[in-house]
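Computed from the coordinates by the stated procedures, all read-outs in this text should not be read as laboratory data. Nothing here was measured: the structure is a model prediction, and the numbers come from that model. As a convention, Cβ positions derive from the backbone with ideal geometry for all residues, glycine included, and neighbour counts pool all protein chains shown.
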Amino acid sequence: MGKAQHFQLTILSDFSNLGAVADFITHAAGESGLDESASYNAQMAVDEAVTNVIEHAYHGRQDGQIFISCESDDDEFIIVIQDYGKPFDFNKVPKPRVKGPLARRSIGGLGVFFMKKLMDKVEFSSSADRGNRVRMVKRIR
Amino acid sequence: MSAQTPVIVHPQGRMDAARAPALEQELRQQLAHGHHRLIVDLSKTTYISSNGLRVLLAAHKTAQQDGGSLKLCCLSPRLLEIFEMAGFDQIFEIYEDRNAAENAFAKVGG
């Protein structure tokens with residue numbers, strides 16, 4: 001209680017690292033006081049975010065670096081995901097159609113949809129020289 | 001047995017972007033062999049990402065085009081929450097256990 005905490009993980013842009021990312025987030029979230037449900041939601045949001053980075057910023061290349069950091073205080077658990085792949089505008093990702101019959105469902109954009117649903121705040125920034133950055137916040141309690 | 005008998009697929013662990021392709025391959029193989037009545041038992045699936053959901057959706061669409069369907073069973077409350085969030089509970093038939101899913105196929109003349 002009351003202690004600021006900081007956790008960091010750097011991975012290469014390979015899908016086989018997603019399990020390690022999930023373990024890292026679950027550990028950091030638990031240490032930061034998130035309950036099991038909030039922790040599960042945070043690991044899912046990060047899984048979707050890192051998957052997007054591998055697919056859209058690094059286009060499946062497996063040697064790109066992805067930096068993940070978590071910070072927490074009494075009120076918030078903050079996750080920042082940084083990459084130096086191709087600039088990618090998350091705000092232009094189309095919204096998926098999550099209602100209606102099967103034939104009319106569009107599935108693109110579901111990852112970003114989940115990130116926004118599962119976290120309290122999601123911010124994207126991107127530039128040619130600074131890469132892509134996703135900042136997500138989950139309130140504690 | 002015949003293509004009428006539902007085939008059960010039982011993915012285990014995390015169904016993320018690393019593991020979804022294996023599930024996709026398995027479902028595609030079943031469909032290619034004429035098994036268009038599929039039950040995906042998620043009792044051992046601890047997590048499913050949008051990639052995993054996409055795989056299930058694509059297989060369901062193909063199965064339906066062939067006159068069958070893909071039904072789901074044994075979701076944990078957490079998985080069910082994810083399905084509901086994406087509105088997937090509206091497009092998949094979701095059953096509590098395998099028997100219920102099998103019975104659902106039997107009822108429609110399977």
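The listed residues are A:VAL98, A:VAL112, and the only one of them that is within 21 Å of B:ASN51 (Cα to Cα) and in contact (Cβ under 8 Å) with a residue 40 or more places away in the chain turns out to be A:VAL112.
Within the range A:98-107, identify whether any single residue is more than 20 Å from B:LEU79 (Cβ to Cβ) and surrounded by 15 or more Cβ atoms within 10 Å (Cβ to Cβ), and answer yes or no. Within the range A:98-107, not a single residue is more than 20 Å from B:LEU79 (Cβ to Cβ) and surrounded by 15 or more Cβ atoms within 10 Å (Cβ to Cβ).
Restricted to strands (runs of 3 or more DSSP E) entirely inside the range B:8-110, those with at least 2 residues that are of a type in the set (A, V, I, L, M) and surrounded by 15 or more Cβ atoms within 10 Å (Cβ to Cβ) are B:37-41, B:69-73.
Could you check, for the range A:52-64, whether at least one of its residues is out of contact with any helix residue (DSSP H, G or I) (no Cβ under 8 Å at 6 or more places or on another chain) and over 12 Å from A:SER13 (Cβ atoms)? Checked against the condition, which is being out of contact with any helix residue (DSSP H, G or I) (no Cβ under 8 Å at 6 or more places or on another chain) and over 12 Å from A:SER13 (Cβ atoms), the range A:52-64 yields no hits at all.
Restricting B:LEU53, B:LEU79 to residues that are in contact with a helix residue (DSSP H, G or I) (Cβ under 8 Å, 6 or more places away or on another chain), within 14 Å of another protein chain (Cβ to nearest Cβ) and touching a residue at least 12 places away in the same chain (Cβ under 8 Å) narrows the list to B:LEU53.
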